[in-house]
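Visitor: Structure below; questions to follow.
The values are calculated or read from the model by the stated rules, or taken from the named source; none is laboratory data. Keep in mind the model is a prediction, meaning the values are calculated, not measured. A quick note on method: Cβ atoms are made from the backbone with ideal geometry, for glycine too, and the neighbour counts reach across all protein chains shown.
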Amino acid sequence: MKLAYISRTQWILILLLISSQAFPTENKPFQESVIIFNTICAKCHEAQCSGRASFGDAYEASIEHIVRHYNQASEKKWLQKELFSILNHMKEKCAYYPMSAPVPPQRIWNSEILGKMSTLVEKNYFVPVGPLLPGTYRLELSLAKDEKVTVHFVSEIFDTVIEDCFLASEKQIVIPITIEDAGKYYVRVYPRNPVQITRLAIITVDSH
């Protein structure tokens, strides 16, 4: 009996260890929540960033606001908490919540990578395109079908370089971009109707 007890105890400890490794960052939001926040919420809260302290005690009061602007969170307590946590990060750091999304070689994102950077329902995309030097670039989008999309090209300090609507032609959109300040940049895409982006590329035209 003693051996069985020890074995059972060891087994429980192993299970706890596996569980802790499976969820190593309990308080760290999932990338899905980061994409939702940066496409649905950040558009307003970028302008409110002040670097002031967090307001963690206001969580309960924030739920109504979160659900009003993103109804899909109404039955998902975990999503409400994660969106609030990401908001706190933006308020404290004046920065987007960091994503585990390395920039691919030659700055070309394929459909598999892009699929991890979109909301499931709306197909809004948030893509960190990494550091860029001042110069002229070309943003190329390939879509699964011709569709109107709104494209934002924004810096890590929330400066907007591009914010406009574009209509795909033969499933392609090409947007010239001029970067004046070195820094990290992000692409946001909002299709009028849900559509998959199959390729995104940042092409260097001229770099000073």
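Listed here are the residues, each with its yes/no results for (1) on the phi < 0 side of the Ramachandran plot; (2) touching a helix residue (DSSP H, G or I) at 6+ places or on another chain (Cβ under 6 Å); (3) among the aliphatic types (A, V, I, L, M); (4) in the same structural domain as residue 200 (by TED's automatic domain parsing).
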position	(1), (2), (3), (4)
98	yes, no, no, no
109	yes, no, no, yes
112	yes, no, no, yes
122	yes, no, no, yes
130	no, no, no, yes
133	yes, no, yes, yes
140	yes, no, no, yes
150	yes, no, no, yes
156	yes, no, no, yes
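Visitor: For residues in the stretch 96-108 being surrounded by 13 or more Cβ atoms within 10 Å (Cβ to Cβ) and at pLDDT 85 or above, which is farthest from residue 203 (Cα to Cα)?
Guide: 97
For (1) loosely packed, with under 13 Cβ neighbours inside 10 Å; (2) over 15 Å from the mean Cα position of the chain (by Cα), each residue gets a yes or a no:
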{"residue": "117", "(1), (2)": "no, no"}
{"residue": "120", "(1), (2)": "yes, no"}
{"residue": "145", "(1), (2)": "yes, yes"}
{"residue": "164", "(1), (2)": "yes, yes"}
{"residue": "206", "(1), (2)": "yes, yes"}
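Visitor: Going by what's in this entry, would residue 187 be described as within 21 Å of residue 41 (Cα to Cα), surrounded by 15 or more Cβ atoms within 10 Å (Cβ to Cβ) and touching a residue at least 24 places away in the same chain (Cβ under 8 Å)?
Guide: When the stated conditions are applied, residue 187 passes them.
Visitor: State yes or no: is residue 62 assigned to a helix (DSSP H, G or I), of a type in the set (S, T, N, Q), modelled with pLDDT under 90 and buried (at least 18 other Cβ atoms within 10 Å of the Cβ)?
Guide: No; evaluated as a whole, the condition is false for this residue.
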